[in-house]
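Worksheet: one structure, shown below.
The values are calculated or read from the model by the stated rules, or taken from the named source; none is laboratory data. These numbers were taken from a predicted model, which means no experiment stands behind them. When we count neighbours, we look across all protein chains shown, and the Cβ atoms used for this are built from the backbone with ideal geometry, even at glycine.
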Amino acid sequence: MNKTIETQTKPFRLITIPVSHYCEKARWALTKLKFTYVEQPHTLPFHLLATGRVGGKTTPVLITETGVFIDSTDILRYLDSIAPDNAKLYPTDPDQHREVEELEDLFNSQLGPATRRWGYFQVMNSYKIMQSRWCQGVPFFERALFPIVFPVTRSLAKRKLNINPESAEQAYEKIKSIFEQVNELLADGRIYLVGDSFSAADLTFAALAAPVVQPPQHPMQRVSYKELPPNLVSEINAFRETAAGKFVLRLYRDRNS
């Protein structure tokens, strides 16, 4: 057994904003690699109290006895470094390893911000939807204070994430463009994006695309379609019908296997 795993006497701690798809990326990696961890979910802005204590500002944050990792990709690479040889998220073949890292960077830097911006634009003015998404599993006092802090938090989030009609439309076009790139990769019948096994590229794409595909198996409770705007439901269904969307749905069906 890897020495690093042997010296880890307590479960990892994962600080999250539950609905964050970057947090889902880290959560999925921990689950996939079968590491024991305790999730500590918080809503905005209370997550800053938890992350600030360990030197972070954003989520996810993974706290281990080896160190603190404050970026989803850093978390995956750390977990990969201590995972068994038969469970690596990054291929050992240099060319495939480079391809996985390039795809992961594309999804992190372009897809993730786009799905977040487009998704929030659709629902951020709905208190009921935002409360259900931001408060799932968080401490009681955070849920109790949510009605008070929500107006300010929403305003700050809109400004920080540049959420407006124009940016949402640009985000939608970016999502379609990246889905088309993934469609082209899958056109040859491959099972995974790179090589013959599940990798960080597959995990990252599925986790960051989840907001626009809404996989039923996602660990965060979904909002009922009846509560979503009809145009949003139509666009989600359209994404689901693409090869990339079907790929995400399949990976989520297999998520815990």
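R53 satisfies every condition listed in (1) over 30 Å from P229 (Cα atoms); (2) modelled with pLDDT under 95; (3) assigned by TED's automatic domain parsing to the domain that holds Q221 except (3).
Please specify each residue of region 185-240 satisfying the condition of being under 21 Å from the mean Cα position of the chain (by Cα) and over 27 Å from L76 (Cα atoms). Selection gives V223, S224, Y225, L228, L232, V233, E235, I236, N237, A238.
When region 163-189 is filtered for residues that are surrounded by 15 or more Cβ atoms within 10 Å (Cβ to Cβ) and either outside any helix (DSSP H, G or I) or aromatic (F, W, Y) (or both), the ones remaining, listed by number, are I163, Y172, F179. The C-beta contact set for region 123-141 (first residue closer than 12 Å to P18 by Cα, second residue among the basic types (K, R) and assigned to a helix (DSSP H, G or I), distance under 9 angstrom, 6+ apart or interchain) comprises M130/R154; Q131/R143; C135/R143. Within region 196-207, the residues that satisfy the criterion of being of a type outside the set (S, T, Y) and surrounded by 18 or more Cβ atoms within 10 Å (Cβ to Cβ) are F198, A200, A201, D202, L203, F205, A206, A207. Among residues of region 189-200 that are without any contact (Cβ under 8 Å) to a residue 60 or more places away in the chain, those with a beta-carbon under 8 Å from a residue that is of a type in the set (D, E) at least six positions away or on a different chain give the pairs Y192/D202. Taking the numbered list (1) farther than 19 Å from Y120 by Cα; (2) modelled with pLDDT under 95; (3) polar (S, T, N, Q) in turn, N183 passes all entries but (2). Does any residue of region 190-198 turn out to be of a type in the set (D, E) and not in a helix (DSSP H, G or I)? Looking for residues that are of a type in the set (D, E) and not in a helix (DSSP H, G or I), one finds at least one in region 190-198, hence yes.
Does L156 fit the bill of being within 22 Å of the chain's Cα centre (by Cα) and not assigned by TED's automatic domain parsing to the domain that holds P18? Full working, then the answer.
Working: within 22 Å of the chain's Cα centre (by Cα): yes; not assigned by TED's automatic domain parsing to the domain that holds P18: yes.
Answer is yes for this residue.
Say whether the condition of being of a type outside the set (D, E), modelled with pLDDT under 95 and surrounded by 18 or more Cβ atoms within 10 Å (Cβ to Cβ) is met by at least one residue in region 89-110. There is no residue in region 89-110 that is of a type outside the set (D, E), modelled with pLDDT under 95 and surrounded by 18 or more Cβ atoms within 10 Å (Cβ to Cβ). Once region 197-233 is narrowed to residues that are modelled with pLDDT under 95 and either in the same structural domain as H42 (by TED's automatic domain parsing) or of a type in the set (D, E, K, R) (or both), the residue that is nearest to P60 (Cα to Cα) is R222. Evaluated against (1) of a type in the set (G, A, S); (2) touching a helix residue (DSSP H, G or I) at 6+ places or on another chain (Cβ under 8 Å); (3) free of Cβ contacts under 8 Å to residues at least 40 places away in the same chain, A50 falls short on exactly one condition, (2).
Filter region 124-157 down to residues that are surrounded by fewer than 17 Cβ atoms within 10 Å (Cβ to Cβ) and of a type in the set (D, E, K, R) and give me whichever is modelled with the lowest pLDDT. The selected residue is K128.
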